[in-house]
Amino acid sequence: MFIEDELLEIFLQVVIGFISFRYTEKFLRRDFDDRKKTLTIWILIYAAAHIFLSKVTENFSPHNRFINIIPHIVIFFALQKKFFLYDKPKQIFILASFTAGWEILRFAVSPLSHAIFSVWSPAWAWLVNYAVEKSFAPADEIIFLMSGVNRAAIFFVIGICRGVQLAIFIFYLRTISKNFSRRDYDLKFYDSLFLIFPCATVLLIDFTVRLMAFSADNGAMMLIYERVPETILLLPVVSLLLLGVIISSVILFENFVRYKEEEQKRILLENRVVEVHREISELSEIYSDIRGLKHDLRNHL
């Protein structure tokens with residue numbers, strides 16, 4: 001990995017660390033006073049841990065690198081427990097929705113990078129051959145110069161793909177946090193299952209597709225796009241649809257909570273109406289008794 005790739009990865013982890021903090025505070029109550037200090041510590045721990053894990057697992061086979069998700073969840077959960085009040089159902093939902101969204105979006109941008117590189121690679125080879133044939137400079141200098149151009153192009157393409165991935169990811173998280181507007185709502189066990197199951201399903205689909213792709217192509221994920229060109233379009237569409245499933249479950253849950261609250265209000269109103277009718281009936285009986293007493297007193301007098 002070149003130095004520019006490492007810098008891009010560090011920058012990416014810092015940004016994701018910031019996003020993870022902002023996403024968490026949309027759901028959980030704070031357990032700190034100084035927000036800037038807490039945010040700085042959160043980002044440093046989050047980014048350092050992920051960079052360390054990527055270094056440790058960079059020699060693993062591509063499909064085995066998916067085990068990074070386990071320490072990622074542990075680190076994320078530990079940060080939540082340290083800086084926010086304990087709320088296990090919401091913490092699990094935050095972890096599941098955040099991790100599932102980021103992981104599945106790799107399939108949304110991977111075909112984009114493949115499509116760009118499939119155009120750039122022949123163009124770069126033609127430029128090198130043309131420069132060598134025209135003898136603009138010694139062959140060694142031309143190859144060295146074009147290697148630098150190729151590195152810059154690769155860095156640019158990866159940066160664009162990461163930018164697209166981050167943009168979609170931020171939109172996805174904002175949509176969830178916007179529709180889950182009840183931070184004070186106490187999630188029950190079955191409520192959390194309703195929200196977590198779609199996220200778990202997305203993660204398992206992501207893991208299954210990775211295993212199938214890497215197993216079939218001997219660890220080279222990009223080969224699947226050559227063998228099955230339809231996947232260049234299908235994988236991004238499926239990824240976005242799976243994100244839509246998670247968002248839809250959150251919207252459906254929010255509507256369910258609102259319906260339940262309105263139903264409770266309706267029942268309370270009906271009970272109040274019944275109570276008012278009962279009070280009116282009792283008052284009518286009392287008034288009838290008073291009229292009877294007045295009539296008896298008048299006759300007595």
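Structure above, values below:
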item: Extension reserve of the residue 200-residue 284 stretch, reckoned as 0.36 nm per residue once the Cα distance is removed; result: 24.1 nm
item: Those lysines that a straight Cα-Cα span of less than 30 Å connects to residue 90, excepting residues fewer than 8 apart in one chain; result: 26, 36, 37, 81, 82, 178, 188, 260, 265
item: Placed amide H near residue 84: partners under 5 Å, 5+ positions off or other chain; result: 31
item: In nm, spacing of pseudo-spin labels at residue 121 and residue 54 (7 Å Cα→C-beta vector); result: 2.3 nm
item: Whole-Hz couplings from phi, Karplus 6.51/-1.76/1.60, listed for segment 275-280; x for Gly and Pro; result: 5, 5, 4, 5, 5, 5
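Every number in this text was worked out from the coordinates using simple rules, so none of it is lab data. Keep in mind that this is a model prediction, so the values were computed, not measured. Reconstructed Cβ throughout: ideal geometry from the backbone, glycine too, with neighbour counts over all protein chains shown.
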